Every structure is written in C-alpha cells, then in structure tokens.
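First comes the structure, then the notes that go with it.
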C-alpha cells in the first residue's frame, strides 16, 4: 500500500511544494493498486474513449516530463507528446493502451525521483528556458504549482474511472 502524507516535515515553501506534489503523485499511484490489467485499459465513459487508468498515468508522466525537461530545462521534446496534433491532442493516452500498468507506474516513479532532485537542485525563482505560448517565461515555482494542480485534477478522473471499472472508492 502506498503511504501518503500532505504534511511536510518543515514549513518552508520548497518543502511544502515538494510534499504536495509527492502527495498528488502518490495518490495517483494508490488509485492503481489492485487493479486488474483488463480494468486498467477500460474506458468506461462513452464520450471519453482515452480516459483509462493507463491513459491517465501515461498522461501524468509525459506532462510532467514536458514541463520540467522541455519547458524548464529546454530539452528536446520526446515521447508520445511529440505526436500531438489538433486532431489527436493526447497521443500519450491513446498509446498507453498497449503498455502494462506496472510499467507505466515504474516509469512514472523513476521520472518522479529524477524530477524531485531537479526541483531540489534549482531555485524556485529560476526561469524556464522555453516560453509559454504567449511569450512569457514562468518560474520553477509556477511549474511545480501547475503540476500539483494537474496531478490533483487527474486524480479526480482516476477516482471516477476506478469506481466505474471495478467499484473501488475511497483511495
């Protein structure tokens, strides 16, 4: 069972932000515990065929990669997000159907560990190398806050999908 806490050991800003991001990540992983391979690929919402547990975990992994590796560090885009088009804006969710959930979770955890170190090693006021679409450069603090919001929002989607595919609630 995944152990989660949203109470940081100290109350400085960096520790609070890191703790809440880890809490949101851990919650996403906890929502996957005990899920069968078949249920991890089910899309129970008729209007959202990509809304699967596998698709959501893949999305969280690749969105975090995009914000920290590409936007903040200025790295080259890679992975399924490079295939995004107006007609297929979420290829990371579509392609995840063929990837086992344990692999997706392991990749997400490995990346989370790297990003945890990246955030610890940079000043929160450090500016992202790549601008937003409107030309502004956000700082690392904004990116961490955005990832907390993004991960927490998708945890709500994981709640819904999980309840619909196997009835489990309350994680």
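Spacing of the modelled spin labels on residue 84 and residue 146, each 7 Å from Cα toward Cβ, amounts to 1.0 nm. Sorted largest first, the spans of the alpha carbon positions of the chain along the three principal axes are 43, 41, 24 Å.
Return a whole-number percent for the relative contact order of the chain, with Cα pairs under 8 Å and 6 or more residues apart as the contact set. Walk me through the numbers on the way to the answer.
Values: 199 pairs, mean separation 50.6, N = 171.
Worked out over the chain, it gives 30 percent.
Measuring nothing but how far apart in sequence close Cα pairs (under 8 Å, 6+ apart) lie, relative to its length, segment 94-164 scores a relative contact order of 17 percent.
Using packing as a proxy for protection, rank 9-22, 89-102 so that the peptide with the highest average count of other Cβ atoms within 10 Å comes first. Please report the intermediate quantities before stating the final value.
Working: 9-22: 14.4, 89-102: 17.1.
The peptides rank, most packed first, as 89-102, 9-22.
Label separation (residue 97 vs residue 124): 4.2 nm, computed from points 7 Å beyond Cα along the C-beta direction.
Note on residue 113 and residue 4: the extension gain reaches 37.7 nm, defined as 0.36 nm multiplied by sequence separation minus the Cα-Cα distance. Treating each Cα of segment 81-137 as an identical point scatterer and summing with the Debye formula, the log10 of I(q)/I(0) at q = 0.12, 0.25 Å⁻¹ comes to -0.50, -0.99.
Quotient of the Cα radius of gyration of segment 16-95 and 2.2 N^0.38 Å, N being its number of residues: 1.22.
Per-residue ellipticity at 222 nm computed for the chain from its helices equals -16500 deg cm²/dmol, with DSSP H segments shorter than 4 residues left out and the rest contributing -39,500 (n - 2.57).
To the nearest ten degrees, helix 53-65 and the longest principal axis of the Cα atoms of the chain are 10 degrees apart. Relative to the longest principal axis of the Cα atoms of the chain, the long axis of helix 101-121 lies at roughly 10 degrees. Compute the acute angle (0 to 90°) between the alpha-carbon long axis of helix 140-166 and the principal axis of greatest extent of the alpha-carbon atoms of the chain; round to the nearest 10°. On a 0 to 90 degree scale, this one is about 10. With the simple spin-label model, which puts each label point 7 Å out from Cα in the Cβ direction, the residue 76 to residue 15 separation comes to 4.0 nm.
FYI, it's all coordinate maths here, none of it is from the lab. Model, not experiment: these values are computed from the prediction. Cβ coordinates were reconstructed from backbone atoms using ideal geometry, including for glycine residues, and neighbour counts include every protein chain displayed.
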